[in-house]
Amino acid sequence: QRWMCNGWEGMGSVPAAGDSNAVSFVIHRNSSLQWLWTNQYELLHTATPAGLVATSTWWLAGATGATLVAPLALTRDATNYQFADWFLDGSRQPDATGIAVNPLTGILMPTAHVAQARYLPEDTDADGDGLGDWWECFYFGSTNALPGDDPDTDTYSNVEEYQDRSSPLDP
């Protein structure tokens, strides 16, 4: 948490109000100056693997925050990674099984939060079902999708949607 000066109020020789952290005036009579401070909370952006995303944004206490837009694809040490989903304070967002959103919006900021972008290697298919793990996690929240299923009933199976890099949830 940190405090941010968002203006001032004055009386006497001081101008009545301002919205910066600086004011100039000449004192001609008794005067008062009151600085206005607002509490802010940090939204720390991290990633797995570590270092792919690392930054912070600051939000007014009680405001609604949002993550940055995570890059959909990254390469590090000759490994291609794909964005799978966002976790906020350890929980997948916006829910455990729905399609991932990017950026993650609507984050209430009554306290600090950690938003973690999860990236998986592009060529990882741990369960050997022909669907990239990142793709399954992005659309379904886990690697439990069945290759032959067609959840959007558009006549294209999950494996065909994966091969086309298209959404299995949008006909």
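The values are calculated or read from the model by the stated rules, or taken from the named source; none is laboratory data. No experiment lies behind these values; they were computed from the predicted model shown. Backbone-built Cβ (ideal geometry, glycine too); neighbour counts: all protein chains shown. These area figures cover heavy atoms from the full protein model, side chains too; ligands, DNA and RNA do not enter into them. Shrake-Rupley method; radii C 1.70, N 1.55, O 1.52, S 1.80 Å.
Is there a residue being open to solvent by 60 Å² or more (accessible area, probe 1.4 Å) and among the charged types (D, E, K, R) anywhere in region 14-23? For region 14-23, residues open to solvent by 60 Å² or more (accessible area, probe 1.4 Å) and among the charged types (D, E, K, R): present. Taking LEU52 and the conditions (1) of a type outside the set (Lys, Arg); (2) open to solvent by less than 50 Å² (accessible area, probe 1.4 Å); (3) within 18 Å of ASN102 (Cβ to Cβ); (4) not in a loop (DSSP other than H, G, I, E, B), which numbered condition does it fall short on, given that it satisfies the others? All conditions are met except number (4). Tell me whether region 115-138 contains one or more residues that are touching a residue at least 60 places away in the same chain (Cβ under 8 Å), surrounded by 13 or more Cβ atoms within 10 Å (Cβ to Cβ) and acidic (Asp, Glu). For region 115-138, residues touching a residue at least 60 places away in the same chain (Cβ under 8 Å), surrounded by 13 or more Cβ atoms within 10 Å (Cβ to Cβ) and acidic (Asp, Glu): absent. Restricting region 157-171 to residues that are under 14 Å from PRO147 (Cβ atoms) and among the polar types (S, T, N, Q) leaves a set whose member that is most open to solvent (accessible area, probe 1.4 Å) is GLN163. Screening ASN102 against (1) part of a loop (DSSP other than H, G, I, E, B); (2) in contact (Cβ under 8 Å) with a residue 60 or more places away in the chain; (3) open to solvent by less than 60 Å² (accessible area, probe 1.4 Å); (4) not β-branched (Val, Ile, Thr) leaves a single unmet condition, (2). Quick one: would you say ASP150 is more than 15 Å from the chain's Cα centre (by Cα), without any contact (Cβ under 8 Å) to a residue 12 or more places away in the chain and farther than 30 Å from ASN39 by Cα? So ASP150 does not fit the description; no. When region 75-99 is examined, which residues are found to be surrounded by fewer than 20 Cβ atoms within 10 Å (Cβ to Cβ) and under 27 Å from TYR41 (Cβ atoms)? Those that are surrounded by fewer than 20 Cβ atoms within 10 Å (Cβ to Cβ) and under 27 Å from TYR41 (Cβ atoms): PHE87, LEU88, ASP89, GLY90, SER91, ARG92, PRO94, ASP95, ALA96, GLY98. Filtered by the rule that a residue be of a type in the set (Asp, Glu) and touching a Gly at 6+ places or on another chain (Cβ under 8 Å), region 113-170 gives GLU122, ASP123, ASP125.
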